[in-house]
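The next block holds one structure in the form of structure tokens; read it before the comments.
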Amino acid sequence: MQLRPKSKRKIGSLLARASLALICATTNVAKAQDTIVNPGAKSGYFSGKYAELKSWAKWSGEVGFLGYSETEGRVQALEPAVTINAEFENEKVWSTKLVLDSLTGASPNGALVSGQPQTFTTPSGKSNYTTKAGDIPLDDTFKDTRVNVSTSWSQPLSRTLKGSVGLNFSTEYDYVSLGLNTSLTKESDDKNTSYTAGLAYTNDKISAVGGTPIPLAAMAPSGSTQARDGSDETKSTYDLLLGMSQVINRSWIVQANLSLGYSTGYLNDPYKIVTIFDDAAGPTLGDAQSYIFENRPDKRFKQSLYLASKNNFKLGILTTSYRFFTDDWGLSSHTVESSFNYALSKKWHIEPGLRVYKQSAVDFYDFAIGNSEALPKEVTADNRLGDMMAITPSIKFIRKLQNEKEMSLILRYYSQTGDSSPSEAIGSQKGKDLFPKVDAFIVHLNYSF
Amino acid sequence: MRIIFLMLSLMLLASCSSLGVKPWERDILSKKEMQFGTNALEEGFDDHTYFSKEGSSGGRGFSSGGCGCN
């Protein structure tokens with residue numbers, strides 16, 4: 001169990017580490033390239049093997065780094081990634097991607113801000129943490145490192161048909177996932193239209209710290225018997241994707257994707273709780289009395305339509321996309337994204353962008369439950385399933401390199417807001433921020449080789 | 001249902017013979033910025049970030065999960 005003290009990462013430190021990682025990556029690539037040009041730089045057996053490996057396929061890839069940092073000591077993530085592609089004869093490609101995902105910081109546990117200090121039991125059940133009166137309850141006991149490996153093989157099946165198969169594996173301390181996917185892409189003879197159909201199956205195992213909590217059971221004090229059913233849980237997801245792209249004219253291409261996804265099994269967040277508050281008139285009206293573990297349905301059917309367009313203008317290239325998402329939990333969302341790529345010079349491009357996201361809550365979302373109310377069958381106070389909006393302005397700097405390779409730096413600012421003062425708030429809940437804002441700085445560094 | 005109808009309508013759009021270009025008219029379309037899916041690592045980072053903080057997922061590709069973050 002991770003009980004290391006919280007680390008505070010400042011943006012400057014994050015960027016410095018990111019820059020160092022990219023410099024190291026580019027230096028290593030430059031050294032490798034230098035060895036390719038000067039095979040005599042490493043003598044004998046290894047240079048021979050290296051030349052043999054190099055001639056085995058046409059190699060390409062990308063090295064990238066994601067830094068994510070929320071304000072006020074909340075979630076921080078560092079995520080280096082590398083993709084390597086080996087292209088063989090007849091356009092056969094083997095592609096492998098490795099991602100490391102390191103998470104630290106504090107995350108809302110779902111409990112409501114209260115007029116009194118609140119004490120919560122950690123997921124292990126062995127200790128507790130306290131939130132001051134008026135503060136957002138945050139669980140800072142999780143530290144997580146995830147490793148994700150995916151690999152795929154694609155090849156032409158005929159002059160206009162291409163197929164691919166892939167495998168995806170991810171592991172972290174409380175979650176293991178294994179998935180398979182396959183797709184077919186058919187191009188028209190004139191290559192102006194393409195159709196894609198893809199299928200994916202993913203099986204996940206959830207081993208919650210301290211054991212899977214019994215849904216809707218009360219959170220017990222630390223050191224006492226916890227409400228756990230003592231078993232691991234599983235989740236299966238089936239995805240279907242139908243897509244098409246169409247060249248409209250010399251300067252315009254569009255894409256449309258229809259996605260259907262069906263998940264079944266354990267869909268709860270085992271670490272999220274819901275506040276039961278005092279709804280009787282009196283001095284403690286609105287104060288938290290106890291907490292229960294959330295419960296979501298054990299099935300979810302998701303549908304989305306994604307439309308994208310790329311237009312070349314004299315000044316630059318405009319990319320716009322829209323996604324409509326809905327599911328049988330009652331959630332629906334609209335996502336609009338747009339960016340404009342402008343060439344400052346032959347080597348330098350700049351690309352400002354904006355993403356706007358609006359979501360309406362799932363049917364079983366509630367910010368808290370009054371103690372005289374009947375307990376619903378399903379309930380969550382997870383803000384990620386509530387009514388909310390997120391705006392993300394961004395700027396991307398691109399440095400073009402030889403042979404159509406490039407380096408880029410992207411800066412984004414993610415700002416999510418919800419209903420801080422719902423009309424149902426009573427007593428001590430009034431005047432408090434009941435939907436904590438999320439503000440995060442995001443940086444990407446990418447290098448293609 | 002409406003989503004499926006809209007998708008079918010878009011597919012019918014592709015049957016319009018006036019759309020598209022000849023092979024020698026692909027100069028602009030060959031630019032990296034004019035192609036879909038050429039920033040796979042960047043898009044993967046974005047998809048992961050957004051579905052960790054929001055209730056929606058997918059669209060560009062499979063509605064990937066594979067982690068305990070959503």
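Since every read-out is calculated from the coordinates, none of them should be taken as a lab result. None of these values were measured; they are calculated from a predicted model. Virtual Cβ from ideal backbone geometry, glycine too; neighbours counted across all protein chains shown.
Brief remarks follow.
- Residues A:Leu103, A:Leu216, sorted so that the one with the fewest Cβ neighbours within 10 Å comes first: A:Leu216, A:Leu103
- Rg/Rh for segment A:177-286, where both radii come from Cα atoms and Rh is the Kirkwood radius: 1.28
- At q = 0.15, 0.16 Å⁻¹, base-10 log of I(q)/I(0) for segment A:309-359 (Debye sum, equal scatterers on each alpha carbon): -0.52, -0.56
- Value of Rg/Rh across segment A:310-449 [Cα atoms, Kirkwood radius]: 1.15
- With R₀ set to 35 Å, the beta-carbon distance separating B:Ile3 from A:Trp59 gives a calculated FRET efficiency near 0.30.
- Of the GluC sites (Glu not before Pro) found in segment A:63-126, those in coil by DSSP whose Cβ has at most 15 other Cβ atoms within 10 Å are A:Glu72.
- Reported value for segment A:393-449: 83 Å³ per residue, from the convex hull of its C-alpha atoms.
- Mean residue ellipticity (222 nm) of chain A, computed from DSSP H runs ≥ 4 via -39,500 (n - 2.57), nearest 500: -3000 deg cm²/dmol
- Pair A:Thr71, A:Ser188: separation of 7 Å Cα→Cβ label points (nm): 4.9 nm
- Mean projection of the Cα convex hull over all viewing directions, computed for segment A:235-320: 10.9 nm².
- The HN-Hα couplings worked out from phi for segment A:261-266 by the Karplus form 6.51 cos²θ - 1.76 cosθ + 1.60 (θ = phi - 60°) are x, 10, 10, 9, x, 8 Hz, whole numbers, x standing for Gly and Pro.
- Relative contact order for chain A: 13 percent, from Cα pairs under 8 Å spaced at least 6 residues apart, divided by residue count.
- In nm, spacing of pseudo-spin labels at A:Lys205 and A:Gln155 (7 Å Cα→C-beta vector): 3.3 nm
- Three semi-axes describe the equivalent ellipsoid of segment A:80-159; taken as square roots of 5 times the Cα gyration tensor eigenvalues and ordered largest first, they are 49, 12, 10 Å.
- Per-residue 3J(HN,Hα) values for segment A:381-393, derived from phi via the Karplus relation 6.51 cos²θ - 1.76 cosθ + 1.60 with θ = phi - 60°, read 10, 5, 4, 5, 10, x, 5, 6, 9, 9, 10, 9, x Hz in sequence order (x marks Gly and Pro).
- Greater than 26 Å apart at Cα, pairs in A:Lys143/A:Lys272; A:Lys400/A:Lys437; A:Lys235/A:Lys377; A:Lys235/A:Lys432; A:Lys272/A:Lys437: A:Lys400/A:Lys437; A:Lys235/A:Lys432
- Computed FRET value (nearest 0.05) for A:Tyr45 with A:Glu87, which takes r as the C-beta separation and R₀ as 35 Å: 0.85
- Bridge type composition, the protein assembly as shown - antiparallel percent by DSSP, nearest 5: 100 percent
- Range of Cα positions in the protein assembly as shown per principal axis (Å), largest first: 79, 59, 43
- Relative frequency of Cα-Cα separations exceeding 22 Å in segment A:277-388, percent: 56 percent
- Taking the fewest neighbouring Cβ atoms within 10 Å as the starting point, the ordered list for A:Phe313, A:Phe301 is A:Phe313, A:Phe301.
- With the convex hull drawn over the C-alpha atoms of segment A:141-234, the volume per residue is 135 Å³.
- Among A:His349, A:His444, A:His334, sorting on how many other beta-carbon atoms sit within 10 Å of each Cβ, with the fewest leading, yields A:His334, A:His349, A:His444.
- Take every pair of alpha-carbon atoms less than 8 Å apart whose residues are at least six positions apart; their mean separation over the length of segment A:297-449 yields a relative contact order of 16 percent.
- Here the simple spin-label model places points 7 Å from the Cα toward Cβ, and for A:Asp232 and A:Leu401 these points are separated by 4.0 nm.
- Karplus (6.51, -1.76, 1.60) ³J(HN,Hα), θ = phi - 60°, over segment B:28-33, in Hz, Gly and Pro reported as x: 6, 5, 7, 5, 4, 5
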